[in-house]
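To keep things clear, I will list the structure first and then write my remarks on it.
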Ligand code: PMP
């Protein structure tokens, strides 16, 4: 069946025809038949260069041999035990060793679960009710954080969701990114704030970077006000390098949430941090958290293999950085009036003159022009995430030749 036919049928069975909103590309999404390296193949017989990469997890590209072998070996031994398994220890050791801020970790099955639990833990540990999030920050699709959220919520124009109890989200305060004064004002206005949750690099309104000293100031202010700092590194973890954004920028959070890359492409999340905090998680402490699929051997094996590969190839982050630089140079040469932003292997072309500093500025981008550009890129064989507000990625298997191809297509489509 062709993509258009599959989508018609899917719409009769699944809301919007999809399992996650941002996938509902108009007039219909292409359906993927397989992925290999930097490519995905559609059921319609096209081969596309993938710069969406599962929205971030696939830093080794599709069906990477190291991860595939680990999955295949584990599959023969079964894939769900409902008991502890040795594979959990391997991944836990990696995550702890790579993040000096993490003394203990709990594995879950998605980034959403990780942030939900980290927020609950912060509230329990401080005995306070309110949290602060950054406008446009996306931390998953649970009630407390679906307020002025990025990602699909921004793309769809519904930063809030129906069905959320106002009494709950009144405990979620918002501040603009890159605005320490605004943060200080909120911190000073109340003594009922448990935590600030922040993506150190905003990844769900396109990449938006911290200005020099901003994250350090965030750390100083939260410490001064005795408020826990949660770094949501679901995207940036192992993406900006081993040790994530906290190592990259040299700022130590109290709690960290991880996901995406640490599962090697299988469903995963994790939260971790200071021992005195993590010891409050059940069954050691009173903060309840549980999951049927948490720490399952298949995800643990895939994640351990992926992180092992990254450790064995430490120069990969430099190569990824060079890759996005090359794409950026092509964009500049096109003189299309927008701004190319990149950090490591995360990048985006914003259809506005300057790189945005926060959510409000990112939203000023010309989404109509983005849509036209996105369609052109797809027609030229490059699949970008279908939104001005989703970060683009390259992987370790996007070779120089592939990068050159992407850069060339960027240049052509922007010039057009
Ligand atoms: N936090 C961040 C920063 C994310 O980018 C995402 C997903 N894009 C999440 C949390 C939620 O993760 P998941 O989709 O695995 O629930």
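Taken together, the values in this text are just the output of simple stated rules run on the coordinates, not laboratory data. Bear in mind the structure is a predicted one, so any value in this text is a computation, not a measurement. Positions of Cβ are generated from backbone atoms using ideal geometry, with glycine treated the same way; all protein chains shown enter the neighbour counts.
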Next on the checklist: Quick check: residue separation of residue 93 and residue 36 times 0.36 nm, minus the Cα distance between them. What number comes out in nm?
Outcome noted: 17.6 nm
Checklist outcome for this item: Listed residues 386, 180, 21; largest mean-square fluctuation, Gaussian network over the chain with Cα springs below 10 Å, found at 21
Checklist entry - Give or take rounding to whole Å, what are the principal axis extents of the alpha carbon atoms in the stretch 65-311, in descending order? => result 56, 38, 36
Next on the checklist: Multiplying the sequence separation of residue 220 and residue 401 by 0.36 nm and subtracting their Cα-Cα distance, what value in nm do you get?
Outcome noted: 60.7 nm
Item to check | Helical mean residue ellipticity (222 nm; -39500 (n - 2.57) per DSSP H run of 4+; nearest 500) of the chain | outcome: -11500 deg cm²/dmol
Checklist entry - For the stretch 65-311, what proportion of DSSP beta bridges, expressed in % and rounded to the nearest 5, is antiparallel? => result 40
Checklist entry - Highest GNM mean-square fluctuation, the chain, Cα pairs closer than 10 Å: which of 43, 227, 218? => result 43
Next on the checklist: Relative contact order of the stretch 65-311, please, whole-number percent, based on alpha carbon pairs below 8 angstrom and at least 6 residues apart.
Outcome noted: 31
Next on the checklist: What FRET efficiency comes out for residue 81 versus residue 1 if R0 is 41 angstrom and r is the Cβ-Cβ distance? Round to the nearest 0.05.
Outcome noted: 0.65
Next on the checklist: Treating the chain as a set of equal point scatterers at the Cα positions, no solvent, please give the Debye-formula log₁₀ I(q)/I(0) at q = 0.06 Å⁻¹.
Outcome noted: -0.23
Item to check | Within a Gaussian network of the chain (alpha carbon springs, distance under 10 Å), most fluctuating of 267, 15, 38 | outcome: 15
Item to check | the stretch 281-374 - percent relative contact order, Cα under 8 Å, separation 6 or more | outcome: 15
Item to check | Segment residue 47-residue 375, extension gain: residue separation times 0.36 nm, minus the distance between their alpha carbons | outcome: 116.6 nm
Item to check | Distance-filtered residues of the stretch 343-362 - backbone nitrogen under 20 Å, label point 7 angstrom along residue 66 Cα→Cβ | outcome: 344-346
Next on the checklist: Please compute the contact order of the chain in relative form: average sequence separation of alpha-carbon pairs under 8 Å and at least six residues apart, divided by the residue count, as a percent.
Outcome noted: 22
